[in-house]
Amino acid sequence: MTESPFWSIIVPTYQREKVLCETIQYLLELSYPHYELLVIDQTRDHEPLTKHFIRNCQDRFPDQFRWHFVSKANLPHARNVGAKMARGSYLLFCDDDIIPPENLIELHKASLEKPGIGAATGGVHVEQKRLPPKSRPCNIAPDGRVEDYWQHEVPEGTTDSLRGGNMSMGRQLAIDVGLFDEGFIGRANGEETDFSLRILRRGYQIAYDPAAAIVHLGHPTGGSRASKDSDEGQYFFESHHNNAYFFARNFQQRYLPWFLKRELGWILVKQTIFQRHPERIIPSLRGLWQGYRAGLQRRI
């Protein structure tokens, strides 16, 4: 009888405490028999209870649980460190504030075993009002517009992008496409979609299974919320930097007018007129310009 392949679950984390401990506990109780859990921690100093919990996990699960600190606070960097450290043939990336189903690995494994599939993603349950169903969870237009419908009911099928907090792929494929681009900064919006495009360009499809769903707790502190709470100007600089970086890296420049119309409309109309936050204009425009220049230098 062939032994099930070994998997590595990778959890990047930043400034999370109790909810991180709860997530680790859930992930150590999954039903799949052969896997390890790697926590890639960008937090410089944890609360005493969190430190105690981590040490206890290391003692109780010496062969299954690994905790690794990285001083550079960058989500794609943390993902890449985890991928390089992983012992598994398959990688499963999860957020640090989730509740997974017990059979999460089995569901991802079933998706990856389908013909032509290079990566897989699953549903994400959040508190939300009921919205109309959609046919696919994410579509990417030729001008770089990302239309995601993760908050809608979506049937099993394929998608143009992975969902960063619940995605899997073969470790070798992740390495072959260049891992995650560390040019995405701050909350790194767009990094998993950029990674997905490189998988699609290899001729693979990305599977979506709504049953492989995690509950995303959306914890009010830590994670990307930390940067927004501490420096709102920097947060909007980073967000628009990443939008422009993603576009310049991946899409034809003839679509630049459509991209600028979307971005400038959001910055100058929505933020200034409707939401009355003129102080966000300058950092947003700076981010847009610097991200675009950086993306052109890293163009695929």
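Could you work out the local net charge near residue 39, counting Lys and Arg as +1, Asp and Glu as -1, over the other residues with Cβ closer than 9 Å to its Cβ? Walk me through the numbers on the way to the answer.
Working: positive: 66; negative: 41, 96.
For residues surrounding residue 39, the net value is -1.
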Calculated FRET value between residue 55 and residue 99, using beta carbons and R₀ = 22 Å, to 0.05: 0.40
Starting at the first residue of region 202-216, write each ³J(HN,Hα) from the Karplus equation 6.51 cos²θ - 1.76 cosθ + 1.60 with θ = phi - 60°, in whole Hz, x for Gly and Pro. 7, x, 8, 10, 10, 8, 10, 10, x, 6, 7, 9, 10, 8, 8
Could you run the Karplus curve 6.51 cos²θ - 1.76 cosθ + 1.60 with θ = phi - 60° over region 81-86 and give me ³J(HN,Hα) per residue in whole Hz, x for Gly and Pro? 4, x, 5, 6, 7, 4
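Sequence gap at least 6, Cα distance under 8 Å: using those rules, report the relative contact order of the chain to the nearest whole percent.
For the chain, the relative contact order is 19 percent.
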Can you list residues whose amide H is under 5 Å from residue 35's amide H, if they're 5+ apart or on another chain and H is modeled 1.01 Å from N? 7
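In square nanometres, what is one fourth of the surface area of the convex hull spanned by the alpha carbons of region 7-216? Could you put the intermediate results ahead of the total?
On the way: hull surface 46.0 nm².
Spelled out: convex hull of the Cα atoms, projected over all directions, averaged, 11.5 nm².
For a 32 Å ceiling on Cα separation, which of these pairs sit above it: 109/134; 51/114; 72/261; 18/134; 134/270?
Details: 109/134 25 Å; 51/114 41 Å; 72/261 34 Å; 18/134 35 Å; 134/270 26 Å.
Flagged as over cut-off: 51/114; 72/261; 18/134.
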Sort out for me the Cα centre separation of region 20-59 from region 229-300, rounded to whole Å. 36 Å
In order through region 239-256: 3J(HN,Hα) via Karplus (6.51 cos²θ - 1.76 cosθ + 1.60), integer Hz, x for Gly, Pro: 4, 6, 4, 5, 4, 6, 4, 4, 5, 4, 6, 10, 10, 5, 5, 5, 8, 4
From the helices alone, meaning DSSP H stretches of at least four residues, give me the mean residue ellipticity at 222 nm for the chain, per-run term -39500 (n - 2.57), in deg cm²/dmol to the nearest 500. -11000 deg cm²/dmol
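How much length is gained on full extension from residue 64 to residue 126, taking 0.36 nm per residue of separation minus their Cα-Cα distance?
Numbers: separation 62, 0.36 × 62 = 22.32 nm, distance 2.90 nm.
Extending this stretch completely gives an extra 19.4 nm.
Express in nm, to one decimal, how much length is gained between residue 262 and residue 29 on full extension, taking 0.36 nm for each residue of separation and deducting their alpha carbon distance. Numbers along the way, then the final one.
Working: separation 233, 0.36 × 233 = 83.88 nm, distance 4.40 nm.
Once the chain is fully extended between residue 262 and residue 29, it gains 79.5 nm.
Throughout, read-outs are computed from the coordinates displayed, never taken from laboratory work. These numbers were taken from a predicted model, which means no experiment stands behind them. Don't worry about glycine lacking a Cβ; one is built from the backbone with ideal geometry, like all the others, and counts go over all protein chains shown.
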